[in-house]
1. Compare the peptides 152-158, 43-49 by average per-residue count of other Cβ atoms within 10 angstrom and give them in order, highest first.
2. Which value, in debye to the nearest 20, describes the size of the charge dipole of the chain about its Cα centre when Lys and Arg Cβ atoms bear +1, Asp and Glu Cβ atoms bear -1, and nothing else is charged?
3. Rounded to a whole number, what % of the accessible area of the chain do carbon and sulfur atoms account for, probe 1.4 Å?
4. How would Phe212, Phe62 line up by accessible area, probe 1.4 Å, largest first?
5. Enter the accessible area of Ser106 (Å², nearest 10), with the probe set to 1.4 Å and all protein chains included.
6. Between Ala116, Ala213, Ala224, whose Cα lies farthest towards the positive end of the dipole of the chain when Lys and Arg beta carbons carry +1 and Asp and Glu beta carbons carry -1, centred on the Cα centre?
7. Where only protein heavy atoms count, and the probe is 1.4 Å, what is the accessible area per residue for the stretch 71-225 in Å²?
8. Within the chain, what percent of beta bridges assigned by DSSP are antiparallel, to the nearest 5?
Amino acid sequence: MKAVILLSGGLDSSTILYKAKADGCECHAISFDYQQRHRRELQSALSVAQKVAIAKHQIINFDLRQWGGSALTDDAIDLPQERSQGEMSQNIPVTYVPARNTIFLSFALGLAEAIAAERVYIGVNALDYSGYPDCRPDYIQAMQEVFRLGTKQGREGKPINIVAPLINLKKTEIIQLGNQLGVPWELTWSCYAGEDVACGVCDSCRLRLAAFAELGLVDPVEYAF
């Protein structure tokens with residue numbers, strides 16, 4: 001079974017890559033250089049893909065800084081720092097990139113149909129305190145219908161399925177799953193700050209650190225503090 005995996009190099013996407021391998025899939029990973037603030041994640045995507053020995057890994061290049069609208073694509077917008085989980089959950093944060101997962105899934109769908117893949121794996125999670133609109137179950141359900149209606153495979157009764165195994169898991173549960181699968185956490189990258197060492201204070205770092213701590217584990221990634 002062929003599968004396309006959206007691989008950012010982060011904790012969630014690395015887990016789904018290993019999950020796809022465990023599911024017996026021939027894995028074709030794609031990562032995106034969209035001129036994001038945290039392009040450092042692409043190094044991790046390359047390292048994780050090499051570690052797990054997949055069929056192919058591609059990096060797709062385009063520039064979302066032309067539009068901005070997010071702290072990840074516009075340096076004039078400050079990254080939220082040192083926020084509590086309660087503060088993170090109040091509103092959709094400025095780190096939300098407009099329509100990012102729709103753009104990513106469109107690329108994944110094109111590749112999947114071109115190589116006759118049956119699945120597209122995406123590491124969205126609805127329980128993260130970020131509350132991104134394109135990480136929620138109703139969004140994935142709607143995109144599944146797009147996959148069915150917008151492709152030759154779908155119209156011929158063989159739709160490409162979106163697989164989102166993490167969507168209803170807590171971050172601690174994702175780490176536990178990754179431990180079972182053997183995900184090399186030391187190779188992954190979650191920080192939004194765009195430096196060579198993880199900041200430890202952005203929302204993504206804080207969520208990750210809190211989950212490892214809750215499990216009584218040490219995150220092997222180096223942090224600035």
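The values are calculated or read from the model by the stated rules, or taken from the named source; none is laboratory data. Treat the numbers as computed from the prediction; the structure is a model and nothing was measured. Every residue, glycine among them, receives a Cβ derived from its backbone with ideal geometry; neighbour counts consider all protein chains shown. The area values use the complete protein model at the heavy-atom level, side chains included, leaving out ligands, DNA and RNA. Shrake-Rupley method; radii C 1.70, N 1.55, O 1.52, S 1.80 Å.
1. Ranked by mean Cβ neighbours within 10 Å, highest first: 43-49, 152-158.
2. 720 debye
3. 49 percent
4. Phe62, Phe212
5. 70 Å²
6. In the chain, that residue is Ala116.
7. 49 Å²
8. 5 percent
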